[in-house]
Every structure is written in structure tokens, then in C-alpha cells.
């Protein structure tokens, strides 16, 4: 998902009996559905897991602007351009809500940026694929934002208050992103055969990377079990992937597209689709930094940060000057 | 390395004549930029008609560990709630 394979430091999930009284009281609050707020006591593992997950989520929003930014100057109409700009601006906003949520856990935004820029912190694998045509912008909204919604809706019920509240805002806005993407594709499939072929090509390239967004099966993962016990995570990766496929296949049919999976078949008994296994070797390769655009994305991000340093410093210097001048005027008046 | 911009807490008054309400926080070099940034980050969809920003470092908060001593004293004063008093039906609405 936007946060994939988040580690928890847990060797196994411990029962209430094995916890000391403070931790047991904490776990009982979580079990009772209470929210944990900043500065309240929390196990170090809970704090660290949240920092990892929220920062990874934030980095994904920020890096996620880059593949779409590629098409702002090339959008087919002024209206599409304005819509895409608004969507990319939303992504920046989502990143900021999330960095602020993470900051309540005792890490600064600049520290998180440093982790992203050094390659220590990860972001979602999906943003390391290129956007080759305008149909890719439609496919990203429909599939990538669609997959993100699948994951983010349950996160609104996450046990950590600031993260859950950031998610409420984000979910409201994501719906616009998904619909605008589908709208781009609805228009294109009614166009020339070449335009329709472009949409099919975009689906062929984005389908599997979108399924990979949910991460490999985590039914046996101790990290997932621990995250679920802490109610940081609510559903297994396979559950969410299944929901995504079930929701998306009919939408592809409506567009007259073929989902590029020969194993895709309706399973009446389970009331959902059976589908093939994504290429996990490719997934691990992208995560390890060897995807088609990893270097390009990280370099673009670092360049934006470094090139903006003089401007950030200038604003700081101006703020200090104004503040000094006010102090001086106050002293002179006394 | 440049110094980090201070953190500001953002409060927005919604459209409906309610109090300003905390919506989140952001970084900005000064109060004026904090307002500008808050406009872009928190009111892209007409969420508000007025913005307050205050430096996070200026906020004094009660400690979560003092929740008991701070709030318990009012728990025993149930007579502060109107439902504490039984008024006979014959009296009518009160």
C-alpha cells in the first residue's frame, strides 16, 4: 500500500498476561477502541512502528506528485490541466497532514526528509513506474488512488488519533482523485481506436503494480499481527487486494477493457474473483531501489529540496529581521 | 543545513458560525506565511471563513498523566446536570 511491509520490532505478539501493568493498561485501551493521543504513554515499538508507517505514507504522497507532474504541462485541455494541478496540490497537502501526524511522535519533518533523501526511508513501490501517456494519468487516478482508498478507509479507525484524523481528511479528497482518473479514461475509450488502445496499454502496465501496492501476503507475518493487535492495521494485505480486484474488474468491463490476467475468473462460491499472483520478484526489486524510475524520482525530490534551500533560508532570514525590528521598536517606545 | 521552520497549530472557523476549531499543524517561517500556508493546506475546499495560527511552542497543555487529579473533582458533582432533579410530570416542561 502507500506504506508497504512496515516492521514493528516485535519477535511475536505477546498476550496481556505477559505485559507489565502499564503496557497492559495501554493494550486494554486499544482493545476497547480508545484512541491514543500524543504525549500519552505508549510502548516504544508502537511509537516506532507508527513513525515508520506514517512517514512512509507521507513520503509516498510527496513522491507521488512526480509521475503526475510529468503531465501537467501536457494535459490535453486547460480544464484537465487545472484538475490535474488541483489533484497534485492535494497530494502535497496529504503529505503535509501526514508529516504533522508523525511529528507528534517526536520526529521532525526535516529528519523525515533526510531519511527519504538518504534512501533509508521507503515510499510506495508504485511511484517508481513511468507515466508514458495521458492514459497513464487516468489509470493512476482510477487504479492507484483506488487502491489507496481501499487501504486508507480502514485507517480512519486506526488507534493513533492524529493519524486517524489525517486519514479522514485524506479519504474525503481521494474520492475526487479516483473519479477524475476514471473520467479521463471514459473520455478516451470513446475516442479513436488509437486512444482506446492507449487506455488498454495503460491498464496492462498499471494493473500488476497496483495489485503489488497491497504488499505480499502477510498472513504469516509477525509484523502484521503486531500492527493488527495495536490496531494500526485493520485488514490483511490479501483481504484488501481481493476487495480491490472485486471492485475494479467490473469498472474495467464498463470501459470495455481486458484485465491483463489470464487467471482472472469469477468464483461464485466465494463471491469474488480468483486472480493470478503478481510477480513478487519484480516487487522486491522495485522496493530495493531497482525499479524503472527509482533513481529519477529520488533525484528529482532531492533536487527540489536542495534548489529550494536558498528560498527557505531567505524566508527565515526575513522572519528574523521583522521580529528583531519589532523588538527594537518596542524597546524604543518604552 | 538550514534551520527548520517553526511549527504552527492551525484553527479554522467553519462556515456555520461555530468556534475556531483545531484542524492540524504546519511549518512556516512566520505568522503571515503560516496563514498563507494554512489557506493552501487546510481550506482548499471552502472549509473555512477565518484562520488562526499560533506557534506550537506557545501552547501550554495539561499532561495526560494528570487527567485524574484534573478532571475527577467534577465527576462527583452529578447535581450539576439538570437530570439530577426529578420534576413531577404535573409541573410540565421545565
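Taken together, the values in this text are just the output of simple stated rules run on the coordinates, not laboratory data. The shown structure was predicted, so the numbers you read here are calculated from the model rather than taken from an experiment. Quick reminder, even Gly has a Cβ in these numbers, built from the backbone with ideal geometry, and neighbours come from all protein chains shown.
Counting other C-beta atoms within 10 Å, which of B:55, A:87 has the fewest, and how do the rest follow? Provide the component values of the computation, followed by the final result.
Details: B:55 14, A:87 22.
Ranking B:55, A:87 by Cβ neighbours within 10 Å, fewest first, gives B:55, A:87.
GNM, chain A, Cα, under 10 Å: largest mean-square fluctuation among A:177, A:223, A:59?
Checking each option, the largest mean-square fluctuation is seen for A:223.
What does the C-alpha gyration tensor say about the overall shape of the stretch B:5-86? Classify as rounded when a/c is under 1.5, otherwise prolate if a/b is larger than b/c, or oblate. Could you put the intermediate results ahead of the total?
Values: a/c = 4.57, a/b = 1.78, b/c = 2.56.
Judged from the Cα gyration tensor, the stretch B:5-86 comes out oblate (a/c at least 1.5, b/c at or above a/b).
When a/c is below 1.5 the answer is rounded, else prolate if a/b is larger than b/c, else oblate, so apply that to the stretch A:178-334 with a ≥ b ≥ c taken from the square roots of the Cα gyration tensor eigenvalues.
prolate
At q = 0.09, 0.10 Å⁻¹, what is the base-10 log of I(q)/I(0) for chain A according to the Debye formula with one equal point scatterer per Cα and no solvent? Please give it to two decimals.
-0.53, -0.65
Could you tell me which of rounded, prolate or oblate describes the stretch A:131-210, using a ≥ b ≥ c as the square roots of the eigenvalues of the alpha-carbon gyration tensor, with rounded for a/c under 1.5 and, failing that, prolate when a/b is larger than b/c and oblate otherwise?
prolate
Averaged over A:209-219, how many beta carbons belonging to a partner chain fall within 10 Å of each residue's beta carbon?
0
Going 7 Å from the Cα of residue A:323 along its beta-carbon direction, which residues of the stretch B:5-49 have the amide nitrogen within less than 19 Å of the resulting point?
B:5-10, B:25-38
Can you give the angle from 0 to 90° between the axis of helix B:31-42 and the longest principal axis of chain B, with both taken from C-alpha atoms, to the nearest 10?
70
At a 10 Å Cβ-Cβ cut-off, how would you order B:59, A:83, A:54, fewest neighbours first?
Going from sparsest to densest Cβ surroundings: B:59, A:83, A:54.
In the stretch A:41-82, whose amide N lies under 16 Å from the spot 7 Å out along Cα-to-Cβ of residue A:195? List them in ranges.
Output list for this probe position: A:75-81.
What FRET efficiency comes out for residue A:263 versus residue B:87 if R0 is 60 angstrom and r is the Cβ-Cβ distance? Round to the nearest 0.05.
E between residue A:263 and residue B:87, to the nearest 0.05, is 0.25.
Multiply the residue separation of residue A:86 and residue A:22 by 0.36 nm, subtract the distance between their alpha-carbon atoms, and state the gained length in nm to one decimal.
18.5 nm
So what's the back-of-envelope 222 nm ellipticity for chain A, counting only DSSP H runs of four-plus at -39500 (n - 2.57) apiece and dividing by all residues, rounded to 500?
Values: 14 runs with 209 residues, N = 334.
Roughly -20500 deg cm²/dmol at 222 nm, from the helical runs in chain A.
Where does each of A:244, B:85, A:176 land when they are ranked from fewest to most other beta-carbon atoms within 10 angstrom?
By the 10 Å Cβ count, ascending, the order reads B:85, A:176, A:244.
Which of these, A:189, A:144, A:22, has the largest mean-square fluctuation under a Gaussian network model of chain A (Cα springs below 10 Å)?
Per the Cα network of chain A with a 10 Å cutoff, A:22 tops the list.
For chain A, modelled as a Gaussian network with Cα springs under 10 Å, which listed residue fluctuates most, A:246, A:183, A:306?
Comparing A:246, A:183, A:306 in the GNM, the peak value goes to A:306.
Using packing as a proxy for protection, rank A:149-162, A:24-37, B:33-46 so that the peptide with the highest average count of other Cβ atoms within 10 Å comes first.
Packing order, densest peptide first, comes out as A:149-162, B:33-46, A:24-37.
Return the average number of partner chain Cβ atoms within 10 angstrom of each residue Cβ along peptide A:94-101.
4
How high is the relative contact order of the stretch A:262-322? Use alpha-carbon pairs under 8 Å, at least six apart in sequence, and give a whole percent.
Worked out over the stretch A:262-322, it gives 15 percent.
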